[in-house]
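Novice: Attaching a single structure in structure tokens format; questions to follow.
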Amino acid sequence: MTGAQALDIFDAQVTSRQLDLAGRWLRSFGEGFYTIGSAGHEANALVAAVLQPTDPALLHYRSGAFYCVRAAQAAAGPAAEPAEAAAAHPAAHPSELGREPAADASDVGVGLFDAADESFDEQHDAGAAESTREDSARAAHAEDETPSGADGGREAAEGPQDAVGGAARPERPWAYAEAAGDVLRGVVASAREPIAGGRHKVFGHPDLAVVPTTSTIASHLPRAVGMGLAVERLRRRETRRAGGVDAGDEASESATWPSDSIVVCSFGDASINHASATAAFNTAGWYDHTGLRIPVLFVCEDNGLGISVRTPQGWVEAALRSKPGVRYFAADGSDPVRAYAAAEEAAAWVRRHRRPAVLHLRTVRLMGHAGADAETAYRSPAELAGDLDRDPVAATARLLVEAGVAGGEELLARYDEIGWLVRRVAEEVIGEPKLTGAADVVAPLAPRRPARLARAVAEAAARAAGPGAAARDAAFGGRLPELAGPLTLAQSINAALSDGMLDHEEMAVFGEDVAAKGGVYGVTKGLRDRFGPARVFDTLLDETSVLGLGLGAGLAGMLPVPEIQYLAYLHNAEDQLRGEAATMQFFSQGAYRNPMVVRVAGLAYQEGFGGHFHNDNSVAVLRDVPGLVIAVPARPDDAAPMLRTCLASAAVDGSVCVFLEPIALYHTRDLYAEGDGEWLAGYAEPGAWASGHVPIGRARVYGVGSAEDLTIITFGNGVRLSLRAAAALADEGVGTRVVDLRWLAPLPVADIMREASATGRVLVVDETRRSGGVGEGVLAALVDAGYVGAARRVAGVDSFVPLGPAARQVLVSEEAITQGARTLLAR
């Protein structure tokens, strides 16, 4: 680290500290809305300094200094990228500040699916410095952090005065004005804030490779692992290109980040105890153990507290050191020289070996958890004073003074000057516009462009029938699905997945048992043989990690199609959809997307196999997620076009889609009588895809008899049950319209209202539970739309689904539907 670099680090750290003070100043008169700050964590500026500005970063909410450095790096251009030092290079001592560090080009790692060159133990012992760094130096007390005149109120920023009354003017330019503006716009919820546009205070920027994260504890770590896997896939492609090897189906992918990138992911010490963090570390280690490359640098910023809950002494080190397959590095943020060296070593190690590592960065927490936190209620004066002794800003100042780079008074003047510059920015952003309408708030949440989706499906059809016809024929082994005769639901989904893989070269199918076994119900059978293990692969048995891989892959430009083996298993990981996937476009104004189609086998009515984990009928948690698309195909001839629509929506609009597949209908062949084969359907040839396109939010209507007496609204297994019930009612002279919703979110409200009004009698058949079920939403939609006819509901009992014949006591039956219809008709 040179003297100039140390001065830049000091400016970034001071800017971050002054941003915290400005946030509290803004809050004091009601103009600021976020007071969680970075005070005490400013050593993360050192981490940013050793990274490339194009390395994707997922930052936790105490990352002000990191963000400042990253913004300045990006503004300075490629010349600001750090030289890649060897892991064994020693750090500069204060006396050595001012020397230029030697550059050392990083090695190119091996392919994503190649075996490791050396064992983890060998790496751990070979050519690396001792990872744990014990600090003996103590820092002096910090100077007063509040700039003159900053004790509340909205007085004008006139600038500091020096000892003789003249204006103190810095000799160095302030490189962090844009970063300060970004952060303060987030604090005041300005609509001009560059990432979330006033929707949340997050660290993120599309031009800085900083991906916004939510406040959910550790929920971004699984995504980081997925990003690492995807980054290495892109690197592998570039390596193959550089070697003159045809990249095949990977050639069309555009590199989101440079091929030598590593992913950095920061979090607090309390977060390591969260299930999401455990899942991420386990997945990174699991893949490393299998020989796959995941270049992720985890950064645990350890201040010893989770709000008021203390982290046991030594726990973080013990926990992080024990993670198999994840290399451990450590540093103390109050020792900037050694912390810089450790961060540089860790980043270089990950970049060179393309393997996961964790940097345990010891920090302190100053100014409490947030503005309203009176930490004197749970921390002693001695403890608070001890943290002040380890203030990283004061530590950097001391380093500069001891090295003769700057004088103490000069640095104090710089501190005050930056404080006033930050105050000036704060005053400027106060008057910026806020979001003023619901339409403005939700605009980036889930864009819907139905015309573009229809065009995308038509273009896919043209490719399949034209230039891609030979490849399609080869992929299906000369047995095209449209020539195979009537197919089951499972067979139709399998064929549609194959067509999707052919058309979307960036698409990957993965999950538990999807590759070698072909899925527990055979839905993905043969896909790995057709498209190879790089695009169809098994994962470890952890739903959080499965979705995290999808989130990271989508962000990197892939089209992930993860499978959740059973609906009940999704509840282990639902925050990855709610807190991470669904919020990405919302908190980035569409600058970042994580397109994904999550296939979920679910709902009830399995015969001879069950218990509630294999017959879960609860979808309330999905319908409550803003912007999520939920598709439920019941018929084989709906499944393929609906899946094509979901893939197109993900690719075109960045949508997060859940494709909920009724398990009990996977292999169903008959509708009314055994052997009638009426639940089977043919697979459409590409020439018919455009005309058979199923838009999101459009229902399918079946007419039984005269179709004038009753409207049954249902979905999933309810479609088959309702059609059978409608046939029985037709024998009694009752004409029925059976409406298959097909989409649970967004609901096909226009179709619901039209078909309900046609008969004036509506029976909602809801196979989910009575409380929180889909039927509640359908009835509410009718009321909101002004429906005035009769309505009744048949729904599952508020119960888990029991094993065996007892399940019939809590699920909707044909008899219940028929009886409900008769009761409604008798009114």
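Novice: Figure the gain on full extension for residue 797 and residue 674 (residue separation times 0.36 nm, minus the Cα-Cα span) and round it to one decimal in nm.
Specialist: The span from residue 797 to residue 674 would gain 41.4 nm if fully extended.
Novice: Would you work out the relative contact order for the chain, in percent, from Cα pairs under 8 angstrom that are 6 or more residues apart?
Specialist: So the answer I get is 13 percent.
Novice: Residues of region 381-480: accessible area per residue at 1.4 Å, in Å²?
Specialist: It amounts to 48 Å² per residue over region 381-480.
Novice: Next question. With +1 on each Lys and Arg Cβ and -1 on each Asp and Glu Cβ, how big is the dipole of region 408-559 about its Cα centre, in debye rounded to the nearest 20?
Specialist: The dipole magnitude comes to about 880 debye.
Novice: If you average the sequence gap of Cα pairs under 8 Å that are 6 or more apart and divide by the length of region 525-598, what percent do you get for the contact order?
Specialist: 34 percent
Novice: What nm value, rounded to one decimal, do you get for the distance between residue 374 and residue 412 when each label is placed 7 Å out toward the C-beta?
Specialist: The answer from the label model is 3.2 nm.
Novice: Roughly how far apart, in whole Å, are the Cα centres of region 279-337 and region 744-792?
Specialist: Answer, in whole Å: 50.
Novice: Determine which lysines satisfy two conditions relative to residue 201: a Cα distance under 27 Å, and not lying fewer than 8 residues away in the same chain.
Specialist: Those lysines meeting the cut-off are 434.
Novice: If you take the square roots of the eigenvalues of the alpha-carbon gyration tensor of region 473-520 and sort them as a ≥ b ≥ c, do you get rounded (a/c under 1.5), prolate (a/b over b/c) or oblate?
Specialist: The shape class here is oblate.
Novice: How many angstrom lie between the Cα centre of region 583-599 and the Cα centre of region 686-735?
Specialist: About 33 Å separates the Cα centre of region 583-599 from the one of region 686-735.
Novice: If a/c stays under 1.5 just call it rounded; otherwise compare a/b with b/c (prolate if a/b is bigger, oblate if not). Do that for region 475-622, with a ≥ b ≥ c from the square roots of the Cα gyration tensor eigenvalues.
Specialist: Oblate.
Novice: Taking H as built 1.01 Å from N, whose amide H comes closer than 5 Å to the amide H of residue 311, not counting residues under 5 places away?
Specialist: For residue 311, the qualifying residues are 305, 306.
Novice: Sticking with this one: Give the shape of region 696-827 as rounded, prolate or oblate, defined through the alpha-carbon gyration tensor: a ≥ b ≥ c are the square roots of its eigenvalues, a/c under 1.5 means rounded, and otherwise the shape is prolate if a/b is larger than b/c and oblate if not.
Specialist: oblate
Novice: Take the alpha carbon atoms of region 193-234, find their center, do the same for region 2-17, and report the distance between the two centers in whole angstrom.
Specialist: The distance from the Cα centre of region 193-234 to that of region 2-17 comes to 25 Å.
Novice: Right, something else. Give me the percent of the accessible area of region 490-570 that comes from carbon and sulfur atoms, probe 1.4 Å, all protein chains in place.
Specialist: 44 percent
Novice: If you don't mind, there's one more thing I want to ask. Would you be so kind as to identify all helices of the chain, as entire DSSP H runs, whose Cα atoms reach 27 Å or more along the helix's own axis and whose mean Kyte-Doolittle hydropathy is at least -0.5?
Specialist: Those that pass (Cα extent of 27 Å or more, hydropathy at least -0.5) are 3-28, 408-430.
Novice: Once the cut-off is 12 Å, how many percent of the Cα-Cα pairs in region 519-577 end up in the long-distance tail?
Specialist: Beyond 12 Å sits 70 percent of the P(r) for region 519-577.
Novice: Normalised by the number of residues in region 322-407, what is the relative contact order in percent for Cα pairs under 8 Å and 6+ residues apart?
Specialist: 32 percent
Novice: Calculate, in whole percent, how much of the Cα-Cα pair population of the chain lies beyond 55 Å.
Specialist: Cα-Cα pairs in the chain separated by more than 55 Å: 19 percent.
Novice: Return the long-range amide H neighbours of residue 327 (sequence gap of 5 or more, or a different chain), with a cut-off of under 5 Å between placed amide H atoms.
Specialist: 357, 358
Novice: How much length is gained on full extension from residue 317 to residue 401, taking 0.36 nm per residue of separation minus their Cα-Cα distance?
Specialist: 27.1 nm
Novice: Right, another one. Strictly under 4.7 angstrom between C-beta atoms: which cysteines of the chain have no such partner?
Specialist: 68, 265, 300
Novice: Here's another thing I want to ask about it. Say each of residue 750 and residue 816 gets a label point 7 Å from the Cα, pointing the same way as Cα to Cβ; how far apart are those two points in nm?
Specialist: 3.3 nm
Novice: For region 792-802, just list the computed ³J(HN,Hα) in residue order, Karplus coefficients 6.51, -1.76 and 1.60, θ = phi - 60°, integers in Hz, with x standing in for Gly and Pro.
Specialist: So the Karplus estimates, Gly and Pro as x, are 8, 10, 10, 9, x, 6, 5, 7, 6, 7, x Hz.
Novice: Might you report the magnitude of the Cβ-based charge dipole of the chain about its Cα centre, with Lys and Arg at +1 and Asp and Glu at -1, to the nearest 20 debye?
Specialist: Using Cβ point charges on Lys, Arg, Asp and Glu, the chain gives about 2300 debye.
Novice: Hey, what do the phi angles of region 194-206 turn into as Karplus ³J(HN,Hα) couplings, whole Hz, using 6.51/-1.76/1.60 and θ = phi - 60°, x for Gly and Pro?
Specialist: Couplings: x, 10, 9, x, x, 8, 6, 9, 9, 8, x, 6, x Hz.
Novice: Add -39500 (n - 2.57) for each DSSP H run of 4 or more in the chain, then divide by its residues: what number comes out at 222 nm, to the nearest 500 deg cm²/dmol?
Specialist: Estimated from H runs of four or more residues: -11500 deg cm²/dmol.
Novice: Could you tell me which residue out of 702, 712, 656 lies farthest along the dipole of region 617-728 toward its positive end? Charges go on the beta carbon: Lys and Arg +1, Asp and Glu -1, centred on the Cα centre.
Specialist: The residue sitting most towards the positive pole is 656.
Novice: Then there is this: Under the rule of at least 5 residues apart or a separate chain, name every residue whose amide H is placed under 5 Å from the amide H of residue 598.
Specialist: 657, 658, 659
Novice: If the cut-off is 23 Å between C-alpha atoms, which lysines fall inside it for residue 525, apart from same-chain ones fewer than 8 positions away?
Specialist: 517
The values are calculated or read from the model by the stated rules, or taken from the named source; none is laboratory data. Note that the structure is predicted; figures quoted are calculated from it, not measured. Positions of Cβ are backbone-derived with ideal geometry, glycine not excepted, and every protein chain shown enters the neighbour counts. Note: areas computed on protein heavy atoms with side chains; ligands, DNA, RNA excluded. Shrake-Rupley method; radii C 1.70, N 1.55, O 1.52, S 1.80 Å.
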